[in-house]
1. For ASP239 and MET407, compute 0.36 nm times the residue count separating them, minus their Cα-Cα distance, and round to one decimal in nm.
2. Kindly report the accessible area of the chain per residue (heavy atoms of protein chains, probe 1.4 Å, no ligands, DNA or RNA), in Å².
3. Using only Cα atoms, tell me the angle between helix 512-524 and the longest principal axis of the chain; keep it within 0 to 90° and round to the nearest 10.
4. Each residue of region 557-571 in order: what ³J(HN,Hα) in whole Hz does its phi give by Karplus 6.51 cos²θ - 1.76 cosθ + 1.60, θ = phi - 60°, with x for Gly and Pro?
5. Output the direction-averaged projected area (hull surface divided by four) of the convex hull of the alpha-carbon atoms of region 390-470, in nm².
6. Counting only C-alpha contacts under 8 Å and six or more residues apart, can you give the relative contact order of region 1-116 as a whole percent?
7. Indicate the gyration tensor shape class of region 542-615 (rounded, prolate or oblate), computed on the Cα atoms with a ≥ b ≥ c the square roots of the eigenvalues: a/c under 1.5 is rounded; otherwise a/b larger than b/c is prolate and the rest oblate.
8. About the Cα centre of region 1-159, what is the dipole size in debye to 20, counting +1 per Lys and Arg Cβ and -1 per Asp and Glu Cβ, all else neutral?
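The values are calculated or read from the model by the stated rules, or taken from the named source; none is laboratory data. If you're wondering where the values come from, they're calculated on a predicted model, not measured in any experiment. Virtual Cβ from ideal backbone geometry, glycine too; neighbours counted across all protein chains shown. Heads up: the accessible areas ignore ligands, DNA and RNA and are worked out on the full protein's heavy atoms, side chains in. Shrake-Rupley method; radii C 1.70, N 1.55, O 1.52, S 1.80 Å.
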Amino acid sequence: MKRLQALLQWFFMRGEALFNAAFGERINPLYHLGAISFFLFWVVAATGLYLYAFFETGVSEAYASVEALTHAQWFAGGVLRSVHRYASDAMVVTMLIHLLRHFAFDHFHGFRWFSWITGVVLIWLVYVSGINGYMLPWDRLAQFVIVTSFEWLDWLPSFGGTLMRNFIHANSVGDRFFSLLSFMHIGLPLLVLLLMWVHVQRVPKARTTPPRPIVAGLLATLVLLALARPALSQGGAADLGTAVAGVRLDWFYLALFPLLVAWPLGQVWALMAAGTALLVALPFWPPRLRCAGRRDYQLVVHSADGGQAQLRLREGETLLEAGLREGLALPYECRNGACGVCVCSIEHGAVAHRPYQRIALPDSDKDQGKALMCCAMPLGDVVIEVEGLAHAGAAPAPVLMGRVAGMERLAEDVMRVLIELPEGQRIAFNAGQYINILLEDGERRAFSFANPPHENGAIELHVRRIPGGRFTGHVFERMRLGDTLRFEGPLGNFTLNDSVRPILFVAGATGFAPVKSIIEDAFQRGLQRPMRLYWGVRRRRDLYLLELAERWQREHGNFHVVPVLSHPEPDDHWAGRTGLVHEAMLEDFGDLTGYEVYVCGSLRMVEAAVPAFMASGLGQNACFSDAFAPSSGGSAQAAAVGA
């Protein structure tokens, strides 16, 4: 089973990475399978209510009423019948993938047994409800489904052949039978809804509504499918006087029916009983004696501003699940190790990580004691630090409105954007922190403060244009002075440590922005620690504020700047340092013992630089990094500097 889980994990992780690149972490459908199933249920319920209003439950009227609904009002009834069918199919798909994903990542042991068992029952109820729905149109497919289903049920000793007596003659099926089928098709979905509510009760902060872009995409897809391939009745009205020779099956709901025709009915019952028993037994396998179980661990959560909470971790529970269960306002987004929003610092104890996307937690950050709360499983008592947590139920970062007060192109692909708050308002922040720009659909784009805290009349951002970038493209093409922006912040802990060690900054491209804020704040506070900045870019034109850094060097004896070009061209007329910026620093400082290093730039740069610094004697408590992943094509951003 472990080998099967490992194989499934491999497929899911690569599928998630592909979807993240296409849609972004926030609207990756694989992270919202449960919520999508909930939404599809409401689509099925809403369309079903409309169809039921025009459906006649009599045997002689059922087929005619469905045909009239489909063709006489195709613009409403016909489309809604097809949407009803495709939404039902999609619900089966999302539920099965949801089940498979939880199996792959071992999300069914410990306290999760309840959600797993109710999920198995829920899938069977959905199947029964869907099969019941195929009985109502009373066409040839309905005849096949009814006769085959009741033959299968009749195999059970409790029925002993009594059910099939209702289908011996064409007039054996009466209006009361159809009323019973209709009643079941209302009662079973109500039972499904109740069990869906029960199913999520042990999932802290369970989401039952997917993000709006997913909702819009699902609705558009269902309508397009309904128009392109309408759901129609098959073979005319049912006729119990003749056998059904052939039908086109809905393989999402009726995949079992070919076996009911080809196999002995007892073998099909055995197959279904064995499969269900296996799924039900999984949470309790391998069996363990209660006295041999793991004791509960303690989790202490605190922040730099003094807030603290202590709570109990249940077996198999992640740090995030435990905190949300106790009502802590922990930061999180995807809950699947892809966005990096729930990163924390492990101050005491150890954790094991479930599979996650490396872009969310680079190995360099993990080596420094960082962890993703949504994937971190405790190996003992744990103490963590979470940014901004003041107390249980602490409020999230405030959401503010600002006005674009200035725009200046610093380079061909770098724009300085100044954001002013309403009159009389100021934002207090620490040098090196960042804000999240909130887009209309709730997606976020993170940018560091480029101005120091003492100059907070306006927020200065350095926006680098990313090809295909949704927000950066807007900045360069459509943004105008006076436009309003919603943002949240301040956020982040890429701030200057209070020590006496000399400081080395390594900045890549617009990673210069938070470094600028930190350096100017240090000058303002009269900090005399030696500071050296290595700023790496591709071409001379990318050193968009080199003159400012050189002025700092002239005015402050404790500061020095070293620009480095990785791909200089002849027309750059460059006589300075070339190559990779972190290698240039290591050429000057072969032994980093006793130094403090601050690295800010692309994920690739940070992942290459930090291990090299560690190998050169830099202490783990003396290295501070801030990696960013440019966002394009609408993908979500989960770093402190970006596009």
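1. Values: separation 168, 0.36 × 168 = 60.48 nm, distance 7.46 nm.
Full extension of this stretch gives 53.0 nm more.
2. On the way: 29810 Å² over 643 residues.
The answer is 46 Å² per residue.
3. Taking Cα atoms only, the helix is inclined about 40 degrees.
4. Here the 3J(HN,Hα) series is x, 9, 10, 9, 10, 10, x, 9, 9, 8, 9, x, 10, x, 6 Hz.
5. Details: hull surface 27.7 nm².
About 6.9 nm², averaged over all directions.
6. With pairs under 8 Å counted, the relative contact order is 35 percent.
7. Details: a/c = 1.88, a/b = 1.21, b/c = 1.56.
Oblate.
8. Working: 9 positive and 10 negative charges, 145 e Å.
Computed about the Cα centre, the dipole is about 700 debye.
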